[in-house]
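What follows is a short report on a single structure.
The values are calculated or read from the model by the stated rules, or taken from the named source; none is laboratory data. All values reported here derive from a predicted model rather than from experimental measurement. Backbone-built Cβ (ideal geometry, glycine too); neighbour counts: all protein chains shown. Surface areas here come from the heavy atoms of the whole protein model, side chains and all, with no ligands, DNA or RNA. Shrake-Rupley method; radii C 1.70, N 1.55, O 1.52, S 1.80 Å.
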Amino acid sequence: MSADKEKDKMEAQNKIPRHVAIIMDGNGRWAQKHNVSRISGHNAGMLAMKEIIKRADIMGIKYLTVYAFSTENWKRSAEEVGGIFGLLVKYVASELRELDENNVKVSILGDYKSIPRSAVASIEKALDTTKDNDGLFFNIALNYGGRQEITRAARKIAKLAIQGLINPEDVSEDTVSEYLYTGEENGNIPDPDLIIRTSGEERMSNFLLWQCAYSELAFSDSLWPDFTPEEFETIVRSYAGRERRFGGR
């Protein structure tokens with residue numbers, strides 16, 4: 001192999017996406033497959049998430065965003081919804097110290113203040129504890145919907161226009177991006193380079209609709225609790241072989 005080809009190969013191996021987002025799908029089907037409760041499936045999914053966070057940090061990924069609870073998930077049974085938020089409280093209680101020691105910064109994308117109080121308290125503790133960390137940026141999409149996010153940004157911009165603080169003619173894509181959950185309020189999180197969805201489904205499900213315009217997509221047949229750090233790393237490494245043209249040639 002020539003020196004140039006060897007150099008190209010090494011560069012590809014070291015080409016890690018800056019921001020990876022994951023639609024963690026399949027907890028319910030995993031529970032059904034194993035003849036356990038749906039809450040047990042969500043608990044297994046939480047354990048899988050914990051391992052993926054560790055692997056992302058080891059690999060040098062700077063931003064990891066997970067889709068934990070959508071605005072549509074309120075349609076599920078009260079028992080399941082309550083169980084999901086109970087697991088969130090449990091996760092923060094058991095993992096916050098380790099996240100902080102590993103310099104992980106937690107951010108929330110979504111209207112988290114509308115969820116149960118105990119979960120809000122846990123979230124705010126995590127946000128406050130990790131606010132000065134600058135290692136892996138771990139973003140949890142919670143009570144989140146892509147259309148809702150864009151609508152929220154449009155309302156904010158409209159209010160500024162009514163107040164005469166912004167000229168409608170000056171509203172640009174950057175303006176809209178600034179008022180999304182990923183915008184200024186959370187430190188201007190870059191758009192995801194790679195979005196992974198598990199469980200064999202191939203759709204976005206109202207996730208990061210504005211931000212995914214040029215994201216690379218990858219789909220896994222694994223149900224989320226079965227999604228291993230090794231499979232995660234394989235998918236992330238395969239990203240290095242993709243050519244991102246952003247609409248160019």
- If a/c stays under 1.5 just call it rounded; otherwise compare a/b with b/c (prolate if a/b is bigger, oblate if not). Do that for segment 124-210, with a ≥ b ≥ c from the square roots of the Cα gyration tensor eigenvalues. oblate
- Query: Pick from Asp100, Asp132, Asp57: which residue has the top mean-square fluctuation in a GNM of the chain where Cα pairs under 10 Å get a spring?
  - Reply: Asp132
- Item | Top of Ala161, Ala126, Ala21 by mean-square fluctuation, Gaussian network on the chain, Cα under 10 Å | Ala161
- Mean separation of Cα pairs under 8 Å and 6+ residues apart, divided by the residue count of the chain: what relative contact order is that in percent? 29 percent
- Task: Return the calculated 222 nm mean residue ellipticity for the chain, to the nearest 500 deg cm²/dmol, obtained by summing -39500 (n - 2.57) across DSSP H runs with n ≥ 4 and dividing by the residue count.
- Result: -14500 deg cm²/dmol
- Message: Placing unit charges on C-beta atoms (Lys and Arg positive, Asp and Glu negative, everything else neutral), compute the dipole magnitude of the chain about its Cα centre in debye, rounded to 20.
- Response: 500 debye
- Query: For Glu233 and Asn35, FRET efficiency with R0 = 30 Å and r from the beta-carbon atoms, rounded to 0.05?
  - Reply: 0.50
- Item | Solvent-accessible area, 1.4 Å probe, carbon plus sulfur percent, for the chain | 48 percent
- Run through every distinct alpha carbon pair of segment 53-160 and return the Kirkwood hydrodynamic radius in angstroms, one decimal place. 14.9 Å
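Can you give the convex hull volume of the alpha carbon atoms of the chain per residue, in Å³?
Here the figure is 156 Å³ per residue.
Determine the per residue accessible area of the chain with all protein chains present and a 1.4 angstrom probe, expressed in square angstrom.
In whole numbers, the chain has 54 Å² accessible per residue.
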- Message: Can you tell me which of Glu216, Glu231, Glu98 moves the most in a GNM of the chain? Springs connect C-alpha atoms under 10 Å apart.
- Response: Glu98
- Cross-link pairs beyond the 26 Å C-alpha cut-off, checked among Lys15/Lys90; Lys54/Lys90; Lys15/Lys156; Lys33/Lys75; Lys75/Lys131: Lys15/Lys90; Lys15/Lys156; Lys75/Lys131
- Message: Compute, for segment 134-199, the length of the dipole vector about the Cα centre, with Cβ point charges of +1 (Lys, Arg) and -1 (Asp, Glu) only. Units Debye, rounded to 20.
- Response: 480 debye
- Among all the aspartates and glutamates, which ones have a C-alpha under 13 Å from Lys113's C-alpha, if same-chain residues fewer than 8 places away are not counted? Glu124
- Item | Shape category assigned to segment 33-78 from the gyration tensor of Cα positions, a/c cut at 1.5 | oblate
- segment 67-207, relative contact order [Cα under 8 Å, separation at least 6], %: 26 percent
